[in-house]
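The values are calculated or read from the model by the stated rules, or taken from the named source; none is laboratory data. All values reported here derive from a predicted model rather than from experimental measurement. Here the Cβ is made from the backbone with ideal geometry for all residues, glycine too, and neighbour counts use every protein chain on show.
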Amino acid sequence: MTQILKGSEVADALSAQTAARAAGLRSAGVTPTLAIVRVGERADDISYERGACKRAEKVGVAVRHVLLAADVTTKGLIGQIEALNADSEVHGVLLFRPLPPHIDEDAVRNTLSVYKDVDGISDLSLAGVFSGKASGGNGKHGVAGAAGDGDEDARTAFAPCTPSACMEILEHCGIEVAGKKAVVVGRSLVVGKPAAMMLLDRNATVTVAHSRTKDLPAAVRTADIVIACVGRAAMLGADYLASGQVVIDVGINVTADGSLVGDVERTAAEGTVAALTPVPGGVGAVTTSVLMKHVVQAAQAAQTRH
Ligand code: NAP
């Protein structure tokens, strides 16, 4: 029988830990604060923002909204990010992307202070992931100087929240990663590449597959752990899947009838693989909890630096 790895259970456990740490900060006079920077009115952004605010309220993180018109200039947006970098009452910044095409996204994301980059979007944060020195959802790494999570000296940055959420699920569910063969399908900087590095950091043997991979079903079938981050509805069907696999489905795809499905064909997976994250209710449900964990870590680290 396939175990369904529900995100809500992971999110609740993680949020309980984060809430305790946030309460400690508050009693010391520090309110962990996240600034959410949204450009324009994209429905996806608004929906994520709503979920993030709910989660923030649950764990005791304050949210500041920075809402900018869709025609904001690169210079104007960089000015906003610089102001947030300089604001000692803001500990983390979430910037929704993609930005409108007229904006130089690389320039904007690389303006964000690595200390406040709680979704790991800057090159410096990603360098932390690739050097194994970013937060990874396993409590072994985190922001430089953050108290409370072991291995303090190794911390330099935050990993992106989505691959971190994948690691949180594996860890919470007691799934052994070391020595396992993992296949990540997708190589974006937001999900696939950092997920691969985080698995490698946990001593998996990792293959990163993509649109040019030859005989993709055969490559995926050999994996013990599959992370599907392709963005194609139900692409990973029966020919990709094998018994005993743990399958983390990151994909969020809207079908013609408006329903949400993952990258994995659920009916093919259920009954075959050992464990599967559902869509919706899997990885997506954990992402905002990871975001809040990072904000609280950033707030703790800021106290240590000052
Ligand atoms: P992306 O930037 O479009 O990257 C997709 C990756 O999949 C690319 O590396 C691409 O390969 C690969 N790919 C596309 N078609 C393929 C095919 N037919 N065979 C093999 N590989 C293929 O997407 P993303 O931002 O990483 O997001 C991936 C999915 O995760 C989306 O569904 C997105 O909505 C979802 N997502 C979920 C969360 C969450 O919180 N759960 C957060 C972020 C994203 P090439 O590099 O060769 O083009």
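So the values come out like this:
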| read-out | value |
| --- | --- |
| Looking only at the range 273-300, and only at residues there that are in a helix (DSSP H, G or I) and of a type in the set (S, T, N, Q), the one that is nearest to the ligand (Cβ to nearest atom) | 287 |
| The range 185-240, subset closer than 25 Å to residue 126 by Cβ, in a loop (DSSP other than H, G, I, E, B) and among the polar types (S, T, N, Q), residue nearest to the chain's Cα centre (by Cα) | 188 |
| Scan of the range 190-215 for residues that are within 8 Å of the ligand (Cβ to nearest atom), out of contact with any His (no Cβ under 9 Å at 6 or more places or on another chain) and not β-branched (Val, Ile, Thr), ordered by number | 209, 210, 211, 212 |
| The range 75-95 residues that are assigned to a helix (DSSP H, G or I), paired with ones that are of a type outside the set (A, V, I, L, M) and modelled with pLDDT of 95 or more (beta carbon under 7 Å, 6 or more apart) | 78/111; 81/111; 82/111; 84/116; 85/113; 85/116 |
| Matching entry among 85, 110 (being of a type in the set (S, T, N, Q) and within 16 Å of residue 159 (Cα to Cα)) | 110 |
| Enumeration of residues in the range 226-272 that are near the ligand (Cβ under 10 Å from one of its atoms), small (Gly, Ala, Ser) and under 23 Å from residue 168 (Cα atoms) | 228, 231, 251, 262 |
| Any hit, the range 216-238, residues being touching a residue at least 40 places away in the same chain (Cβ under 8 Å), touching a Lys or Arg at 6+ places or on another chain (Cβ under 8 Å) and among the polar types (S, T, N, Q) | yes |
| Exclusive hit being more than 16 Å from residue 288 (Cα to Cα), in a loop (DSSP other than H, G, I, E, B) and modelled with pLDDT of 95 or more, set 150, 132, 179 | 179 |
| Cβ-Cβ under 7 Å pairs, at least 6 apart or on other chains, the range 270-294 side on the phi < 0 side of the Ramachandran plot and free of Cβ contacts under 8 Å to residues at least 60 places away in the same chain, far side surrounded by 24 or more Cβ atoms within 10 Å (Cβ to Cβ) and assigned to a loop (DSSP other than H, G, I, E, B) | 279/251; 279/262 |
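Every residue, every condition in (1) loosely packed, with under 14 Cβ neighbours inside 10 Å; (2) within 22 Å of residue 288 (Cβ to Cβ); (3) in contact with an Asp or Glu (Cβ under 7 Å, 6 or more places away or on another chain), yes or no:
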| residue | (1), (2), (3) |
| --- | --- |
| 64 | no, yes, no |
| 72 | no, no, no |
| 81 | no, yes, no |
| 85 | no, no, no |
| 88 | yes, no, no |
| 92 | no, yes, no |
| 95 | no, yes, no |
| 104 | no, no, no |
| 111 | no, no, yes |
